[in-house]
Amino acid sequence: MNLPLLLGFTQALALTMSVAFMTYVCLIVVPYLRYRRAAPGDPHRLEWHFFVPCRDEQAVIGDTVRYLRGTFAHAHVWVIDDDSTDNTVGVVQALQGPRHGGDRLLHLVCRKLPNARTGKGAALNSAYRALKNWMGKHADTDRAVIVVVDADGRPAANCLSVCAADHLFGDPGVGAVQVDVRMSNRGTPPPDTGGWRRRFGLAMVRMQDLEFRSAIAAIQLSRGKTGTIAMGGNGQFTRLSALDSIAHGLGPWRGALLEDFELGVHLLTAGWKTGFTVDTHVDQEALYSLRRFLAQRTRWGQGTMQCGRYIRRIFDSQHLSTLGAAEMLYYLAQPWMQLLGTLIYPIPFLLLGYRAATDFSSVWTWFTDGAWLLFTVYGAFGLLPFVIWGPIYRRRCEPGKGFLRSIGYGLAYALYIYTFYITSWRAALRMAQGRNGWTKTRRNKELPSRVVALDH
């Protein structure tokens, strides 16, 4: 075996992958930093329906319904109970009022086993069918907009006016809009903890906030150039006529674990435009627990892998440009590239360690003769694409934070991102085992008394 040749080849391959990713990051940063707010629209031109899927959400659903009904007085709220074992239904019925019909804008859709607990997409489809029946055959589906919100979600008070803007739902060709996502508990320590657990919990929440408000927001804005803006599971706005156009008797949401991205694929390939805005947002609760976070991201990674079945559909679509199709393919390839990266990136260091153990003097000479520069570049290109998000996050989202702290955020974000290598392998293992089901990830307020995704 020619170790120097193999070492050089793997270093070159790893460096090429790092440089390509760094270039990609630079391309998405520019539109993000140059973004300017747009004029809002008139929300009364549209009819709004909030869909709130629930399974054992007694701890949070009451506050969420009160917030939605109090903040958006003219919007309908549809709570979808997925055969909860707690008092979720009782909480919602109490809010509905006398005989459960006092508040005519608050609706409850109840699913029961064996037809319940078959995925978030199936729950949303139940609400979709209930809404269609409630509206009747002659409803103006172009005016009706469905807003998917988590059971702990808090859409900003201006979200309806922002989404009604001329470039969003004011454009009849726009079928869906995704709003920015923020972590409501950023800066709030986990309860009943101290010391390193408290600091770790705070760091976990901060990294999730940084990820959504800077890196993901930048990616979404750059997708505006390729026409491939994706949907998220929280703060997802979709025109009812767009959902009708892709339902085909099955319902608009399908069976992937990443049902939000899957919905976007169907909308884009059907010819609808999608939009994204950071002019408004939805707050959701970040996870303090690393175990629950890994479980959540494993589900997302497996969902991305499942959506690989749409590659042919994406490239055959007449509604997507070649650049747009390539961008979507890059996204779908991410978990597989992470698997490849875990195999390639360690090889140069393993080979170098082996060579140093057998012939240390020649390795030291090689290193001091200039190889140290190669490793410096290698490390820089491996870290910089992640570290830069710390200062960017400070500039766009948290200007009150110090610059040195933002560098610390960037370094922590680099470590945070490496957890995706773990979740990609876990997702691939679940795929290989044919395990496609999933239970909900327990929220911070819930007692650990029921089986949740954490336990699998």
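The values are calculated or read from the model by the stated rules, or taken from the named source; none is laboratory data. Because the structure is a prediction, the values reported are computed rather than measured. Note that we place each Cβ from the backbone using ideal geometry, even for glycine, and neighbour counts take in every protein chain shown.
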Q.
For region 231-255, which positions are surrounded by 24 or more Cβ atoms within 10 Å (Cβ to Cβ), of a type in the set (G, A, S) and assigned to a loop (DSSP other than H, G, I, E, B)?
A. G235
Q: Give region 172-200 a look and list any residue that's surrounded by fewer than 14 Cβ atoms within 10 Å (Cβ to Cβ) and not in a helix (DSSP H, G or I), or say none.
A: P172, G173, G187, P191, D192, G194
Q | Of all residues making up region 393-407, the number that are of a type in the set (F, W, Y) and exposed (fewer than 15 other Cβ atoms within 10 Å of the Cβ) | A | 1
Q. Restricting attention to region 193-210, does a residue exist that is small (G, A, S) and over 23 Å from F386 (Cβ atoms)?
A. yes
**Q.** Identity of the residue in region 103-138, more than 22 Å from G303 (Cβ to Cβ) and touching a helix residue (DSSP H, G or I) at 6+ places or on another chain (Cβ under 6 Å), that ends up surrounded by the fewest Cβ atoms within 10 Å (Cβ to Cβ)
**A.** D103
Q: Collect the residues in region 152-171 that are of a type in the set (G, A, S) and either modelled with pLDDT under 95 or in a loop (DSSP other than H, G, I, E, B) (or both), keeping them in residue-number order.
A: G153, A156, A157, A164, A165, G170
Q. Which is outside any helix (DSSP H, G or I), among the basic types (K, R) and at pLDDT 90 or above, of K445, K401?
A. K401
**Q.** Every residue from region 76-93 that is out of contact with any helix residue (DSSP H, G or I) (no Cβ under 7 Å at 6 or more places or on another chain) and under 26 Å from K132 (Cβ atoms)
**A.** H76, D83, S84, V89
Q.
Can you tell me how many residues within region 234-259 are modelled with pLDDT of 95 or more, of a type in the set (D, E, K, R) and within 18 Å of the chain's Cα centre (by Cα)?
A. 0
(Q) Show me the helices (runs of 4 or more DSSP H) found entirely inside region 55-143 where at least 1 residues are modelled with pLDDT of 95 or more, more than 22 Å from R45 (Cα to Cα) and β-branched (V, I, T). (A) 61-71, 88-96
Q | Residue check for L294: out of contact with any Lys or Arg (no Cβ under 6 Å at 6 or more places or on another chain), in the same structural domain as R198 (by TED's automatic domain parsing) and surrounded by 14 or more Cβ atoms within 10 Å (Cβ to Cβ) | A | yes
